[in-house]
Amino acid sequence: DLTYDICEVSPGPHLNMIIGANGTGKSSIVCAICLGLAGKPAFMGRADKVGFFVKRGCSKGMVEIELFRTSGNLVITREIDVAKNQSSWFINKKSTTQKVVEEQVAALNIQVGNLCQFLPQDKVGEFAKLSKIELLEATEKSIGPPEMHRYHCELKNFREKEKQLETSCKEKTEYLEKMIQRNERYKQDVERFYERKRHLDLIEMLEAKRPWVEYENVRQEYEEVKLARDRAKEEVRKLKEGQIPMTRRIEEIEKQRHVLEARIKEKATDIKETSQKCKQKQDIIERKDKQIEELQQALTVKQNEEHDRQRRISNTRKMIEDLQNELKSAENCENLQPQIDAITNDLRRVQDEKALCEGEVIDKRGEKESLEKERKSVGDNIVRFDNLMNQKEDKLRQRYRDTYDAVLWLRNNRDKFKQRVCEPIMLTINMKDNKNAKYIENHISSNDLRAFVFESQEDMEVFLKEIRDNKKLRVNAVIAPKSSYADKAPSRSLNELKQYGFFSYLRELFDAPDPVMSFLCCHYHIHEVPVGTERTRERIERVIQETRLKQMYTAEEKYVVKTSFYSNKVISSNTSLKVAQFLTVTVDLEQRRHLEEQLKEINRKLQAVEAGLIALCERNKHLEHKDNELRQKKKELLERKTKKRQLEQKISSKLGRYLSAYLGRGVGGGAVGRNVQKAKLVTELTNSVKICTSLHIQKVDLILQNTTVISEQNKLESDYMAASSQLRLDESRQRLLQKCKELMKRARQVCNLGAEQTVPQEYQTAFQDLPNTLDEIDALLTEERSRASCFTGLNPTVVEEYTKREEEIEQLTEELKIKKVELDKYKENISQVKERWLNPLKELVEKINEKFSNFFSSMQCAGEVDLHTENEEDYDKYGIRIRVKFRSSTQLHELTPHHQSGGERSVSTMLYLMALQELNRCPFRVVDEINQGMDPINERRVFEMVVNTACKENTSQYFFITPKLLQNLPYSEKMTVLFVYNGPHMLEPNRWNLKAFQRRRRQVDF
């Protein structure tokens, strides 16, 4: 074991009181019981590896436990290999596996992981943290009948499956109703679809019969024509003889007609040529008319221009006279050059000032841009720091939502406090290197990491009243020492410790506000706890002996060193460091404050630059206005100076225009020549028209002759055709025969029949009910097509979906019936199991409540235990609720890790375990140092209850471990008191002889 080289403990059957000073090895006995009964190292809360429980310096360890059993005692042995961190198991000296050991232990109803049976020292605080549900489960396993917990698990499983079935039934029912409603909506469309299909089927049959009827009609016509042809055969021969002279006369008339048509074509060609010549003459005449008209218009324009020229000459003469008069008056003006020179000098001076001002504006704008870039850079850095701070706050919100809500309230209500209030320590601590965060998180408890730090007791009471009482938030708060410990020097210099691999004290690993640092130095001595490396771990024995440090850290472990009060022997324990969760985000608050000050300075400079820029813009605007005024004055003086020269130039220009207008000449026309040419062309056109008229008369005469010949030809051909009409009967017969074949082929194609196939019986039966004439068939076809066309907007996919849904509805209905039957079966099972589980459980809880209440009443306090649930059907929400009251002025409050003090939680836990004692069906119970934190009155009362309860007949074996006891406590003859002594002068266990000690004692008495 981690304390003993060898030790044998022989407990009594009832209450075993194990007493010894701190560090002597009391809890080592508890660890041995847990590990020897296949418990996990985590159950003790001390280390996560079984090798850490072996005494330092030893390579192996062994635990042997003998358990009473009616069928024969059970001896379980566990050998631990430190190097491999593995265990070997033996039952009654025979090798076995851990699984077999666990089964044997479970068969005796030993549950080392159940806090109601096995409560190690480091797990006392966790009992109060058990939820109502976890407490019920632990109680069921501890004192309930073996089947009670099994029934509870069955109920939870049944209820879960019942919920699933109810949900499934509800979903299927809703889906089925939707399917039925949807099919109801489409039912009428489906009926209309099938009605339309009946009409289309009838149309198909009518279209199939129609070719057959058509074929039969043509066949009958063919037979009639065939008979008529036979009768006409004899007449044909006679008619052919009478047609020969008529044929010859038709040929002669045809030749005569061709000659007349040729002559008519010649005359038409001559007429066309003559008409073209007339057209050309007419076009030339029209062009001459157009030229004459243009010449007349030009003459009119020239006449108008002459009138305008005379008017311009008069106007120009008058303007010249006016300009000459103005020139005479301008020659009398004074000399303006001195005024112009003065204005020029002023203008130059204003422009120089303006250029200087614009240069300053450019400089100011450049300075402003530089400051804005610098402000943006500083702002981005502040945002980056804020993002890191938000990461820490997000972790706080996810893990401790109440604390996070309290932080938000504090930030909005800092004015309510007189002195400084620091946010939770985990937010205010800023690691210099986040790799070292694990040391701080392992050193400071999670409760204090999320605690608010106050400088004033009054401020803390105001805060807790608002947050805990009014807002019902679970938060922690601490007070910083009145005199600061933040800068307190360590008892020994770090240089002395560097030889052992230590590189820093905890305080130097992070930054924090003064109140926080002072609190941590005062309560956690962070200025005295050094941090080492793997080198420190390698020489830890030497470090412990030479440095006499109480606490220290290596790369991955924490070491706590204690000195025995009785023997001065040094006892050390080590635990593995947990991975850091909250302090890995590093925020340099000092640098952030420096950035904020820098941002304020930049904003101040930016405001000054903007003010100077506005002033310069106003000055520039004033100079611009003055510049414009001087330019306007200079312009007016220059205009007056140059006016004389302009007048002389205008007079010269006007005289030039006057002379050109005066010397201009008018133009006449030449329209007479164009009129003579036009008269000659009209005479030529008249002659051409006469020739064309003569040719038209000749053409009409020839057309009349040709018409007479064609009329005679037509009469002869008509007579010939009338005589040979009988000859076409044979052609009609052939045509009808071909048509019959085509109709037969079409009828067979419509009915999908081969060349040799006969009409199927189903078609023959259907054809009997249909009309037999084409008119009746066409009429019925038209009627059915009209009816079918009335059914518009019908989609075949709708019918397919309707049919599928009908099948799905039928399937769903059947599935729903099966599900409901299964659901009823589960409800029946739940009802049966619930009755078997709940009634005994209520009786059990009532017995616990009776004993628990009696215990509390005997202490002039109040307490009760009840079975709590919000919904009777939620079996996974059932739990045991413990409510206690230690002061008459308060009400019963539920036992939680936050509401009661540590001593009150210990009393409540102990009394609950005592209430289970007489009902317990487990072989033994272990409670380690639960009386720590109790006041003397409560400790005495609890001790009396433990003695009275644990020493009754038919109660389980009880192990009560404590480092100290009050004086004058009551004891029972059935108690077994085990004193644990440890030190360098102790006898070896195999030399311990109790009878010899008793004999010597009797000799001394006598």
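The values are calculated or read from the model by the stated rules, or taken from the named source; none is laboratory data. Note that the coordinates shown come from a computational prediction; the quantities given were computed from them, not determined experimentally. Ideal geometry is used to build each Cβ from the backbone, glycine not excepted, and the neighbour counts take in all protein chains shown. SASA here: full protein model, heavy atoms, side chains in, ligands and nucleic acids out. Shrake-Rupley method; radii C 1.70, N 1.55, O 1.52, S 1.80 Å.
Residues in segment 467-480 that are open to solvent by less than 50 Å² (accessible area, probe 1.4 Å) and of a type outside the set (A, V, I, L, M, F, W, C): N476 only.
Which of the following residues is more than 18 Å from L509 (Cβ to Cβ) and modelled with pLDDT under 90: N412, N430, N387, N434?
Being more than 18 Å from L509 (Cβ to Cβ) and modelled with pLDDT under 90 holds for just one of N412, N430, N387, N434, which is N387.
For segment 816-843, the set of residues classified as surrounded by 13 or more Cβ atoms within 10 Å (Cβ to Cβ) and in contact with a Leu (Cβ under 7 Å, 6 or more places away or on another chain) consists of L816, K819, E822, L823, Y826, I830, V833, K834, W837, L841, listed by residue number. Only residues that are loosely packed, with under 10 Cβ neighbours inside 10 Å and either touching a Lys or Arg at 6+ places or on another chain (Cβ under 9 Å) or at pLDDT 80 or above (or both) were counted across segment 980-994, and they come to 1. Total residues in segment 130-178 satisfying the condition of being touching a Leu at 6+ places or on another chain (Cβ under 7 Å) and among the hydrophobic types (A, V, I, L, M, F, W, C): the figure is 7.
Looking at E546, E541 in this structure, which one is in a helix (DSSP H, G or I), touching a residue at least 60 places away in the same chain (Cβ under 8 Å) and open to solvent by 30 Å² or more (accessible area, probe 1.4 Å)?
E541
Of all residues in segment 965-979, which are free of Cβ contacts under 8 Å to residues at least 60 places away in the same chain and surrounded by 11 or more Cβ atoms within 10 Å (Cβ to Cβ)? Scanning segment 965-979 gives L966, L969, Y971. I'm trying to understand the selection: among the residues of segment 174-212, which are within 29 Å of L823 (Cα to Cα), open to solvent by 40 Å² or more (accessible area, probe 1.4 Å) and either among the β-branched types (V, I, T) or in contact (Cβ under 8 Å) with a residue 12 or more places away in the chain (or both)? Y175, I180, R182 - these are the residues of segment 174-212 that are within 29 Å of L823 (Cα to Cα), open to solvent by 40 Å² or more (accessible area, probe 1.4 Å) and either among the β-branched types (V, I, T) or in contact (Cβ under 8 Å) with a residue 12 or more places away in the chain (or both). When the residues of segment 549-570 are filtered to those that are among the aromatic types (F, W, Y) and open to solvent by 20 Å² or more (accessible area, probe 1.4 Å), the one that is modelled with the lowest pLDDT is Y566. Considering only segment 155-173, state which residues are within 13 Å of E873 (Cα to Cα) and either surrounded by 15 or more Cβ atoms within 10 Å (Cβ to Cβ) or not acidic (D, E) (or both). Matches in segment 155-173: L155, K156, N157, F158, R159, K161, E162, K163. What are the residue pairs meeting all of these: first residue in segment 63-79, first residue more than 14 Å from L37 (Cβ to Cβ), second residue surrounded by 13 or more Cβ atoms within 10 Å (Cβ to Cβ) and of a type in the set (G, A, S), Cβ atoms under 9 Å, and 6 or more apart or on different chains? Within 9 Å, the pairs are E79/G61; E79/S87; E79/S88. Looking only at residues in segment 502-526 that are in contact (Cβ under 8 Å) with a residue 40 or more places away in the chain and more than 13 Å from I440 (Cβ to Cβ), the one that is most open to solvent (accessible area, probe 1.4 Å) is H523. Screening S956 with (1) at pLDDT below 80; (2) over 55 Å from the mean Cα position of the chain (by Cα); (3) buried (at least 18 other Cβ atoms within 10 Å of the Cβ) gives one miss only, at (1).
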